[in-house]
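Before any comments, here is the structure.
The values are calculated or read from the model by the stated rules, or taken from the named source; none is laboratory data. Here the structure is a predicted model, which means the values were calculated and not measured. Note that each Cβ is placed from the backbone with ideal geometry, even for glycine, and that neighbours are counted across all protein chains shown. Note: areas computed on protein heavy atoms with side chains; ligands, DNA, RNA excluded. Shrake-Rupley method; radii C 1.70, N 1.55, O 1.52, S 1.80 Å.
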Amino acid sequence: MVNSLALDLASTIRHDGDGGVLDTLTSVDGLRLFLADVGCVDVAASDALLVRVVEVRAATRALFARAVEPGPPSRADANRLMPLDDAVAVINRSAALAPVTPVLAWPPSSTMHTVAGVSPDDAVLATLARATIEFLTSPAAADLRACTAPRCVRYFVKGHGRQEFCKPSCSNRARAARHYSRTHAA
């Protein structure tokens, strides 16, 4: 299984379990939880940062939608994709907000560290954008898929040749939908 910050960001839009879509980045509290989940505990969530992170997420999901072609994009994105040129510009502009200087931390840590002279907000945005660039240029990008289960809106990395869904519950939901369709056909 691929562990990717870009996938984590894209997965802040997901199925809510009741037939709808849940966006965890609709509030500063949601942003605070996301930042904590990805190791950004030293960054203060704010309305301004929320707007910027949501823009990077929209660009990431737009690029993911293009990366899964000729397969369909996530249902959450199909009708509201950011134009490709805009998505690339957002990712590149955000990635450039902080200079890149590799630093070894021991023991290895997944937490994001602030860079001297760069605001914590800019460091977060640069890290998220770079994660998208790194993912889309990695071998894992060839296995990126949009889950086709009813109501699911996640992107996932295909772990084996026959995998069609992001998780077992989506597979079960798709199987139940096929069964219902066969048994209730007019």
Handout entry: Sum of side-chain charges, E55 neighbourhood, beta-carbon under 12 Å (Lys, Arg +1; Asp, Glu -1)
Key = +3
Exercise for the section: Give the carbon-plus-sulfur fraction of the accessible surface of region 20-99 in %, rounded to a whole number; probe 1.4 Å, heavy atoms of protein chains only. Expected result: 57
Practice task
Would you grab the residues whose amide H sits under 5 Å from the one on V153? Only those 5+ places off in sequence or on another chain, please, with H modelled 1.01 Å from N.
Solution key: H15
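Where does each of 29-35, 128-134, 156-162, 59-65 land if you order them by average Cβ count within 10 Å, highest first? Show your work: numbers first, answer last.
Numbers: 29-35: 17.9, 128-134: 21.4, 156-162: 12.1, 59-65: 25.4.
Result, highest mean first: 59-65, 128-134, 29-35, 156-162.
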Handout entry: Estimated FRET transfer efficiency when R0 is 25 angstrom, pair E69-D29 (beta carbons, to 0.05)
Key = 0.10
